[in-house]
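**Student:** Supplied in structure tokens, the structure appears directly below.
The values are calculated or read from the model by the stated rules, or taken from the named source; none is laboratory data. The structure displayed is predicted, hence computed values, not measured ones. As a convention, Cβ positions derive from the backbone with ideal geometry for all residues, glycine included, and neighbour counts pool all protein chains shown. Protein only, heavy atoms only, side chains kept; ligands, DNA and RNA dropped before computing areas. Shrake-Rupley method; radii C 1.70, N 1.55, O 1.52, S 1.80 Å.
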Amino acid sequence: MNIKFIERKVTISDDLKAYTEKKCKKLDRYFNEEADGTVTYSIQRGMHNVEITLTYKSFYFRAETCTNDMYASVDGAVSSIDRQIQKNKTRLSKRMRVDSFAKASPIADVVEDVPDEEFDVVRVKELEVKPMTVEDAIMQMNLLSHEFFFFINSEEKNAYCVVYKRKDGGYGLLKAK
């Protein structure tokens with residue numbers, strides 16, 4: 001697994017990086033080829049925050065854990081990703097390594113077998129997508145009291161975009177390639 005470390009307003013020791021790498025390597029058993037990982041360390045309001053994002057083919061696995069100890073945050077984030085993979089193992093098994101679910105993981109013993117969820121679409125809504133600027137889309141989203149808004153960005157060669165509200169109070173923009 002190729003792991004990239006990002007430190008935000010904190011300096012991380014080599015021991016913690018080695019510990020994180022060792023924990024993330026345990027997730028390698030799920031992947032045929034090399035997966036890419038990004039581990040972001042930060043401290044917010046005295047809490048140690050670790051965010052792990054793994055990329056494998058077209059799949060993204062992301063977990064964020066915030067505790068009083070950086071090592072515990074690493075453990076929590078890795079176990080959260082392991083649970084995500086275990087929970088969706090029947091859907092993922094076609095694209096993951098053949099024998100990846102044959103071995104019982106220590107976390108899988110704790111997690112009880114959850115029946116496969118169905119992704120039922122309970123509502124379909126058609127909308128007219130109009131070209132507009134990002135500022136207009138944010139204003140429209142706020143007027144509708146929505147968390148996100150889909151539009152055609154007139155400033156970006158009519159690219160399909162989504163604006164959304166972030167947890168930190170700002171806004172995000174997703175652009176289609």
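**Student:** Using only the heavy atoms of the protein chains and a 1.4 Å probe, how would 146, 48 rank by accessible area, largest first?
**Tutor:** I get 146, 48, largest accessible area first.
**Student:** For 36, 28, give the ranking by accessible area with the largest first, probe 1.4 Å.
**Tutor:** Output order, biggest surface exposure first: 36, 28.
**Student:** Tell me the accessible surface of residue 10 in square angstrom (1.4 angstrom probe, heavy atoms of protein chains only), to the nearest ten.
**Tutor:** 30 Å²
**Student:** Hey, with R₀ at 25 Å, roughly what FRET efficiency would residue 2 and residue 22 work out to, going by the Cβ-Cβ distance, to 0.05?
**Tutor:** Approximately 0.95, to the nearest 0.05.
**Student:** Continuing with this model, one more query. With a 1.4 Å probe and all protein chains kept in place, how much accessible area does residue 139 have, in Å² rounded to the nearest 10?
**Tutor:** Accessible area, nearest 10 Å²: 110 Å².
**Student:** With unit charges on the beta carbons (Lys and Arg positive, Asp and Glu negative) and the dipole taken about the Cα centre of region 1-77, which residue among 27, 67, 16 sits farthest to the positive side?
**Tutor:** Going by the charge dipole, the pick is 67.
**Student:** Give the lysines whose C-alpha is closer than 29 Å to that of residue 9, dropping any in the same chain fewer than 8 places away, or say none.
**Tutor:** Straight-distance partners of residue 9: 17, 22, 23, 25, 26, 165, 167, 175.
**Student:** Starting from the 7 Å offset along Cα-to-Cβ, what nm value, one decimal, do you get for the label separation of residue 67 and residue 119?
**Tutor:** Going by the 7 Å Cα→Cβ label model, 3.1 nm.
**Student:** Taking a 1.4 Å probe, which of 30, 71 shows the most accessible area, and what order do the others take after it?
**Tutor:** Numbers: 30 0, 71 85 Å².
Heavy-atom accessible area, descending, gives 71, 30.
**Student:** Further question: Sticking with the crude label model, points 7 Å out along Cα→Cβ, report the distance from residue 157 to residue 14 in nm, one decimal please.
**Tutor:** So the two model labels end up 4.6 nm from each other.
**Student:** Take residue 139 and residue 36, extend 7 Å from each Cα along the Cα→Cβ direction, and tell me the distance between the two endpoints in nm.
**Tutor:** 3.8 nm
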